[in-house]
Amino acid sequence: MHAIVCIKQVPDTTEVKIDPERGTLIRDGVPSIINPFDTYAIEEALRLREKFGGKVTVITMGPPQAINALKEAVAMGADEAILLSDPAFAGADTWATAYTLSRAIRKIGDFDVIFCGRQAIDGDTGQTGPGIATQLQINQLTYVCKISSIDFEKKRIEVERLVEEGREVVQSALPCLITVVKDINQPRYPTILGIRRAQKAQIPTWTAKDLDVDPKLIGLDGSPTRVVKIATPPPRAGKCEIIQGESVEEQADLLAEKLIAEKIII
Amino acid sequence: MALLQIKRDVCTGCGLCIQVCPFGALSLDSENIIVVNEACTGCGACVPECPVSALSLPEVEKKETVSTDEYSGVWVWVEQFDGRAASISWEMMGEGRKLADKRGTILTACVLGYEAEPIAKQAIAYGADRVFLIDDPTLKVYRTDPYARCLVELVKKYKPEIFLLGASTRGRDLAGAVATYLYTGLTADCTGLEIEEGSNLLLQIRPAFGGNIMATIKCPNHRPQMATVRHHVFEMPAPDESRQGQIIREKAVLLEEQIATKVLDLIVEKNEVNLADAKIIVSGGRGVKGPEGFTILRELADVLGGAVGASRAAVDAGWISYAHQVGQTGRTVRPDLYIACGISGAIQHQAGMRTSKIIVAINKDPEAPIFQIADYGIVGDLFTVVPALTRALKRRLNK
């Protein structure tokens, strides 16, 4: 069994603050973490390896410091890690990112399953997973909350996908690409042994030259979309009326009266 | 995406490809011509083996830029489940109508399904001038491959300028595949769409960095300009049954035996919440302190006929299931009334509920950001305020 996990290093967006005067992001002191959804992807790959044997390879595309995310994945238990890093990759949108990752996966060679998190918490697009699957011409199973069965001999997998109406049971062929939601597992913490192993791990960096990529299709040049403006969200219109009263009962009654007067409660 | 294409008139039946297929997916049929079964993974091992080039895989298009003038019209993909259209699709029809009018062009709906003609007619009532209807048993239930291939072929044939899909689980799954095939730009989860003066490009506005910023994105040189649009952000238009429109039937691209996925079942939990459709939501956060705390929220929701929501903090703590989560990584909701109890109102949470009509905040901390976006607030302990509100509403509503 060979599972490849695609991860992303992201700023911890729960720590991101806005400079109220300039309306820009304050990123200083914001820690870089593995995209939280990707840790569930790593965990699921490790569980498959523990059950069936084989290998887990983790890849990421990013600046040189993204190697820290890979080390963390190795500390969790991943066997191999590869960093895709090249100034030529910079500015890639989801199309160019998926293209570059898919070329790296082709270079890695045979695999049974590719795992991704459902989306990254900085971009929030959820598009790179489907993009990789389409580039590789394999089936995609998104928003997976459970792998019910997997048969590497018969090349078959059955999963549950979290959709609006409930959980959809889907059967598909291997190899395939899976994006996972949080319900799928509880990611493990790195062990002391794992952290030591990660410190010693040899993590190769692949540049554009190492991949069979068309230079016109990577980085900003290869990206169909352009970000043209960044702004802070507009404040919501409306002023908060704080309900005062002698007692909680009185406050609650006053609020009930106002809500009924709004004609939104039948 | 799998799927080997076989030129039946070229194949000589030599069988060389059968031996190289790692999955045993190829065989000769009764006419001594190669056929492929669902075990095909599209690995491509057989393609170079064929001496007469009868085998090929669909190529991901790699064009540098397109001649953008050839593309016109606004399209909306109408999502259906179990014979019913998703409300998010009609919201997009309303928005698509405005964009089409502004560009002086027509609005087209793409309806894929089985026995889906009633949905095509509905699409006209909701604003479509034209509907592409692909009605086929293979499209009864959504699956990525057959849906994506149909939309890709439609786009290639009719060349739309703008193509909108709902940012539902299916819409995001589908849009990512279609845009990759077409090598065009796709902007996820938009909350605003405008036409730029002068360039006539689609300005796609969306939250990023957990809702901390709004980014405006353009797709200048590739077509169609594709976007998924967040649920409950645009107004639902009123249907007009007297509207006239054209329904054009097109054929499905894949046969059932060419599709490697099967949907076997849908598991619907009892008491499963449907936050998206709830008119009233009572939501709890960190201040609820544990799973027991949600009991008093549920009692209030019951009196109001509403649903129970939660912040990410409460879901991550394991107090309530993910299906209840409202926010950037949960559901986006737009109820008439949203009562936030013990929720501080982080920007990520606001991203999922700020378009609610009336927001009520109940929180101990008068400085909590939730009060900045609320219409009414009570500063106090939710464990006394919420039961008091439940009693007051019961009394006033004579329940």
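The values are calculated or read from the model by the stated rules, or taken from the named source; none is laboratory data. Because the structure is predicted, anything quoted here is derived from the model rather than measured. FYI the Cβ positions are ideal-geometry reconstructions off the backbone, even for glycines, and counts take in every protein chain you see.
Does segment A:220-230 hold any residues that are at pLDDT 90 or above and either more than 7 Å from every other protein chain (Cβ to nearest Cβ) or in a strand (DSSP E or B) (or both), and which are they? So that I can check it myself, show each step before the final result.
Within segment A:220-230, the first condition is being at pLDDT 90 or above, and the residues that meet it are A:222-225.
Once the filter is applied, which keeps residues that are at pLDDT 90 or above and either more than 7 Å from every other protein chain (Cβ to nearest Cβ) or in a strand (DSSP E or B) (or both), segment A:220-230 yields A:222, A:223.
Could you give every pair whose Cβ atoms fall below 8 Å, whose first residue belongs to segment B:250-261 and is under 15 Å from residue B:112 (Cβ atoms), and whose second residue is surrounded by fewer than 19 Cβ atoms within 10 Å (Cβ to Cβ) and modelled with pLDDT under 95, counting only separations of at least 6 or pairs across chains?
Taking only residues 6 or more apart or on different chains, the pairs are B:259/B:38.
Would you please name the residue that is surrounded by the fewest Cβ atoms within 10 Å (Cβ to Cβ), looking only at residues in segment B:141-168 that are farther than 22 Å from residue A:225 by Cα and β-branched (Val, Ile, Thr)?
B:141
Scanning segment B:363-373 for residues that are part of a loop (DSSP other than H, G, I, E, B) and either modelled with pLDDT of 95 or more or over 15 Å from residue A:234 (Cα atoms) (or both), which turns out nearest to the other protein chains (Cβ to nearest Cβ)?
Looking at the filtered set, the residue picked out is B:366.
Which ones in segment A:233-246 are at the interface with chain B (Cβ under 7 Å from one of its Cβ atoms) and modelled with pLDDT under 75?
A:233, A:236, A:238, listed by residue number.
So, in segment B:349-389, how many residues would count as being farther than 19 Å from residue B:335 by Cα and not hydrophobic (A, V, I, L, M, F, W, C)?
Total meeting the criteria: 10.
Testing residue B:297 on (1) outside any loop (DSSP other than H, G, I, E, B); (2) more than 19 Å from residue B:328 (Cβ to Cβ); (3) within 14 Å of chain A (Cβ to nearest Cβ); (4) touching a residue at least 24 places away in the same chain (Cβ under 8 Å), one condition comes back false. Which one is that?
Unmet for residue B:297, out of (1) outside any loop (DSSP other than H, G, I, E, B); (2) more than 19 Å from residue B:328 (Cβ to Cβ); (3) within 14 Å of chain A (Cβ to nearest Cβ); (4) touching a residue at least 24 places away in the same chain (Cβ under 8 Å): (3).
Would you check which residues across segment B:340-389 are among the hydroxyl-bearing types (Ser, Thr, Tyr) and surrounded by fewer than 23 Cβ atoms within 10 Å (Cβ to Cβ) and list them?
If the condition is that a residue be among the hydroxyl-bearing types (Ser, Thr, Tyr) and surrounded by fewer than 23 Cβ atoms within 10 Å (Cβ to Cβ), then B:344, B:355, B:376, B:384 are the ones that fit.
Among the residues of segment A:197-219 satisfying the criterion of being touching a strand residue (DSSP E or B) at 6+ places or on another chain (Cβ under 8 Å) and not hydroxyl-bearing (Ser, Thr, Tyr), which is nearest to the other protein chains (Cβ to nearest Cβ)?
A:211
Given the criteria surrounded by fewer than 14 Cβ atoms within 10 Å (Cβ to Cβ) and of a type outside the set (D, E, K, R), does residue B:227 qualify?
No; evaluated as a whole, the condition is false for this residue.
Can you tell me which residue within segment A:164-175, out of those that are crowded, with 24+ Cβ neighbours inside 10 Å and closer than 19 Å to residue A:1 by Cβ, is nearest to the other protein chains (Cβ to nearest Cβ)?
A:172
What number of residues in segment B:83-121 are under 21 Å from residue B:277 (Cβ atoms) and over 19 Å from the mean Cα position of the chain (by Cα)?
Total meeting the criteria: 1.
Of the residues that make up segment B:276-289, is at least one touching an Asp or Glu at 6+ places or on another chain (Cβ under 7 Å) and free of Cβ contacts under 8 Å to residues at least 12 places away in the same chain?
The answer is no, given that none of the residues of segment B:276-289 is touching an Asp or Glu at 6+ places or on another chain (Cβ under 7 Å) and free of Cβ contacts under 8 Å to residues at least 12 places away in the same chain.
Which ones in segment B:207-240 are under 25 Å from residue B:177 (Cα atoms) and more than 8 Å from chain A (Cβ to nearest Cβ)?
Once the filter is applied, which keeps residues that are under 25 Å from residue B:177 (Cα atoms) and more than 8 Å from chain A (Cβ to nearest Cβ), segment B:207-240 yields B:223, B:224, B:225, B:226, B:227, B:228, B:229, B:230, B:231, B:232, B:233, B:234.
Right, residue B:275: more than 20 Å from residue B:123 (Cβ to Cβ) and surrounded by fewer than 16 Cβ atoms within 10 Å (Cβ to Cβ) or not?
Taking the combined requirement at face value, the residue does not satisfy it.
Sort out which residues of segment B:336-362 are within 17 Å of residue A:234 (Cα to Cα), not hydroxyl-bearing (Ser, Thr, Tyr) and not in a strand (DSSP E or B), and write them in order of number.
Listed by number, the residues that qualify are B:345, B:346, B:347, B:348, B:349, B:350, B:351, B:352, B:353, B:354, B:357.
Looking only at residues in segment A:231-256 that are outside any loop (DSSP other than H, G, I, E, B) and of a type in the set (A, V, I, L, M, F, W, C), which one is farthest from residue A:77 (Cα to Cα)?
In this case the residue turns out to be A:254.
Whether any residue in segment B:25-37 is within 14 Å of another protein chain (Cβ to nearest Cβ), at pLDDT below 95, surrounded by fewer than 17 Cβ atoms within 10 Å (Cβ to Cβ) and touching a strand residue (DSSP E or B) at 6+ places or on another chain (Cβ under 8 Å) is what I want to check.
yes
Considering only residues of segment A:176-194 that are more than 22 Å from residue A:114 (Cβ to Cβ) and surrounded by 15 or more Cβ atoms within 10 Å (Cβ to Cβ), which is nearest to the other protein chains (Cβ to nearest Cβ)?
Applying the filter and picking the extreme gives A:190.
Residues in segment A:204-217 that are assigned to a loop (DSSP other than H, G, I, E, B) and buried (at least 17 other Cβ atoms within 10 Å of the Cβ): how many?
Of the residues in segment A:204-217, 2 are assigned to a loop (DSSP other than H, G, I, E, B) and buried (at least 17 other Cβ atoms within 10 Å of the Cβ).
Any chance segment A:139-153 includes a residue that's more than 9 Å from chain B (Cβ to nearest Cβ) and small (Gly, Ala, Ser)?
Yes, the conditions are met somewhere in segment A:139-153.
Residue under question is residue B:264, and the condition is that it be outside the structural domain of residue B:133 (by TED's automatic domain parsing) and either surrounded by fewer than 19 Cβ atoms within 10 Å (Cβ to Cβ) or touching a His at 6+ places or on another chain (Cβ under 9 Å) (or both); does it hold?
yes
Could you check segment A:1-42 and list, in sequence order, the residues that are outside any strand (DSSP E or B), β-branched (Val, Ile, Thr) and at pLDDT 95 or above? Give the steps one after another, and end with the answer.
Just the residues of segment A:1-42 that are outside any strand (DSSP E or B), to begin with: A:1, A:8, A:12-16, A:20-23, A:27-31, A:35-42.
With the extra rule that they be β-branched (Val, Ile, Thr), the set shrinks to A:13-14, A:16, A:30, A:39, A:42.
Residues satisfying the conditions are A:39, A:42.
I'm trying to understand the selection: among the residues of segment B:327-362, which are in contact (Cβ under 8 Å) with a residue 24 or more places away in the chain, under 17 Å from residue B:87 (Cβ atoms) and within 7 Å of chain A (Cβ to nearest Cβ)?
Scanning segment B:327-362 gives a single hit, B:336.
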